[in-house]
Amino acid sequence: MDCTCMELALEGERLCKAGDCRTGVQFFEAAVNSGTDDLKTLSAIYSQLGNAYFYLQEFGKALEYHKHDLNLARTLGDRVGEAKASGNLGNTLKVLGKFDEAIVCCLRHLDLSRELKDRIGEARALYNLGNVYHAKGKHTGRSGNQDPGEFPPEVKDCLVKAAEYYEANLNIVQELGDRAAQGRACGNLGNTHYLLGNFSQAIIYHQERLAIAREFGDKAAERRAYSNLGNAHIFLGEFEVAAEHYRKTLQIAKQLGDKALEAQACYSLGNTYTLLKDYEKAIEFHMKHLKIAQELDDRVGEGRACWSLGNAHTALGRNEEAIRYASKHLEISKEIGDETGQVTAQMNLADLKSVLGISSGADSDRPNLNDQLDVGMYRRTYVSRRHSMERMELMKLTPDKKGELPVGHGGARPKIPKVQKSMTVASETVIPKAQSFETLSPEDDGFFDLLSKFQGRRIDEQRCSLVPGEKNGLEKSENKENEESKPKMASTPDSENFLDMIAGIQGSRMNDQRASLPQFPGLNSQAVINQYLRQRNVQDVPDDNFFEMLMRCQGARIDDQRSALPHNRQAPTVPDEDFFSLIQKVQSSRLDGQRTCLPDKEDGLPVQPTPGKKKKK
């Protein structure tokens, strides 16, 4: 039986190394079903299965087997195996968004590696901790739509900790002479400093990452380094340099044969040339992006390409073409449920038709405030679009200058105002006089007396005796009072059955909080572990560190019952949202130079609409 299990496990390992993880997992599962009494073999199978499922992105199964691996390593007293299992478990929890639990596991990995004087393991633990804090910071700051360098303190704290762990990792891998690990650390440090708004420092790390990628001939890492360098130069206002980096990104993407990466590079180039006011080149690259997005059925990317093309054609005075792309943008925004894009497209259409003198459909293109969109959202979008591009400098979008922008201006993306809390409504409710206590009948007095007796006991449970000598007397008086306050209930078969049912239900509630002993699938006999523990002459009692880790992990169990927010629609042809946020701000007021004022109905003189005010019907 042991030989059969070993043979299946070896074949599964061979298949996974060959890249066929799906078939390899089947052999590993067969090995588990076959069973074994060799605990070392079983631990290796758990670890391999967890890694294979992680590679297949089946993170729930990966988490299950990495937990088995950790429990078995602790049972065996295998500190090296426990360190490795803790690191694998931390990586899996990070991907699942359980960042606090992941930090606990990664810290355990770090402590064990330092205890064992394992420098390689220590470097990996530091790198994993940096990844967890970096992912937690990005996840926490994603909902605010802030630019790099403008995140709230809790996000910045996570990013600063991530940078500290990456720096510590970089120091160790430099001592070890591991150039590949140095490249990974430099790339992550560049990304972290970019999010912190340290763009010059980010460029230094990304340039080092680029040099190491060239040294190893790693084209994928080289492409990422060029793309990150372009993003950093965009925020420094160095558009020409950014365009050169994006061109190299496009060349490498074509060499790799990845159409989605090629479309991302075209999208970035189109937006960069828009910032340079070279609209012909911008249209050229946005058309390439649009074509690939249509080939890959990326509706989000297709909508953004149409939006950018409409703005570029408007800047060149080609209003008919701009209307066509704005209409397509509106259609796609409705399809994918993008309310912000829908508002933008409707405003673009209304402005373009106004410029062309198409008055019949102009009003219909405005968003229906009562039926579709929030009034505040429409108002802020309309106000932000009225600001001239000529008066907005890109450098004001950087952390040093952004504070100079007036509040509510700058072309920022509209945010939906918060709904008024229900507490305000409840506080304004008036109780009718018919419900006052003066109209209660005498029969109700008995109910209130009974209620007061029962409620009165609850306060006594929180009381303490002021004088130590009076404690016994107080307890006696309380017991006497409690006995007197107990209601006399008639015992009937129905009431006894009901109480038995309640007792049964309440009695099983504690069982839900109990932790069961670990069960190891694939282990033929539990007696093997007991015999092993007796041979080691140790008690199967975890130490304080394990209990501390367990308490932290169990504290987040309630999160497993929560429903996740809907995921954003995938857009494989569109690069990171950080760069798009800047482009959206800059391009949001491109149409101002082509606008004309509508004539007044009375005297024919142009009337400039007042931003933020709504027309009276």
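The values are calculated or read from the model by the stated rules, or taken from the named source; none is laboratory data. Quick caveat: nothing in here was measured; it's all calculated off a predicted structure. Positions of Cβ are generated from backbone atoms using ideal geometry, with glycine treated the same way; all protein chains shown enter the neighbour counts. When the accessible area is computed, the model is the full protein with side chains, heavy atoms only, and any ligands, DNA or RNA have been set aside. Shrake-Rupley method; radii C 1.70, N 1.55, O 1.52, S 1.80 Å.
With protein chains left intact and a 1.4 Å probe, residues in the stretch 110-197 average 44 Å² of accessible area per residue. Per-atom-type breakdown for the stretch 77-132 gives carbon and sulfur 49% of the accessible area (1.4 Å probe, protein chains only).
The phi torsions of the stretch 65-70, fed into the Karplus equation with coefficients 6.51, -1.76 and 1.60 and a -60° offset, translate into couplings of 6, 5, 5, 4, 4, 5 Hz, rounded to whole numbers, with Gly and Pro shown as x.
Rounded, prolate or oblate: which fits the stretch 1-84, taking a ≥ b ≥ c as square roots of the Cα gyration tensor eigenvalues, rounded meaning a/c under 1.5, else prolate when a/b beats b/c?
On the way: a/c = 1.93, a/b = 1.16, b/c = 1.67.
Here the stretch 1-84 falls in the oblate category.
For L276 and L356, what does the FRET efficiency come to when R0 = 22 Å and r is the distance between their Cβ atoms, rounded to the nearest 0.05? With a Förster radius of 22 Å, E is 0.20. Once a ≥ b ≥ c are taken as the square roots of the eigenvalues of the Cα gyration tensor of the stretch 197-247, is the result rounded (a/c under 1.5), prolate (a/b larger than b/c) or oblate (a/b not larger than b/c)? The shape class here is oblate.
Set the Förster distance to 45 Å, then compute FRET efficiency between D297 and K117 from the Cβ-Cβ distance, nearest 0.05. So, using R0 = 45 Å, E works out to roughly 0.25.
Once you have a ≥ b ≥ c as the square roots of the Cα gyration tensor eigenvalues for the stretch 172-316, tell me rounded if a/c is under 1.5, and otherwise prolate or oblate according to whether a/b is larger than b/c. Numbers along the way, then the final one.
Working: a/c = 2.66, a/b = 1.78, b/c = 1.50.
Prolate, since a/c reaches 1.5 and a/b exceeds b/c.
Can you tell me the length gained on complete extension of the stretch V160 to D258, counting 0.36 nm per residue apart and subtracting the Cα distance?
Working: separation 98, 0.36 × 98 = 35.28 nm, distance 3.36 nm.
Fully extending the segment from V160 to D258 adds 31.9 nm.
Within the accessible area of the stretch 246-313, the carbon and sulfur atoms contribute 46%, probe 1.4 Å, all protein chains present. Between K334 and S200, the simple label model (points 7 Å from Cα in the Cβ direction) yields a spacing of 5.1 nm. In the context of the full set of protein chains, residues of the stretch 4-73 present 45 Å² of accessible surface per residue (probe radius 1.4 Å, heavy atoms only).
Separation of the alpha carbons by more than 30 angstrom is noted, of K117/K138; K161/K334; K17/K219; K136/K277; K156/K259, for K117/K138; K161/K334; K136/K277; K156/K259. Per-residue SASA remark: R124, around 150 Å² accessible (1.4 Å probe; ligands, DNA and RNA not included).
Note on A220 and E240: their simple-model spin labels are 3.5 nm apart, each label 7 Å out from Cα toward Cβ. Derived scalar couplings between HN and Hα for the stretch 335-346 equal 5, 8, x, 8, 5, 4, x, 5, 4, 4, 5, 5 Hz in order, rounded to whole Hz, by the Karplus curve 6.51 cos²θ - 1.76 cosθ + 1.60 (θ = phi - 60°), x for Gly and Pro.
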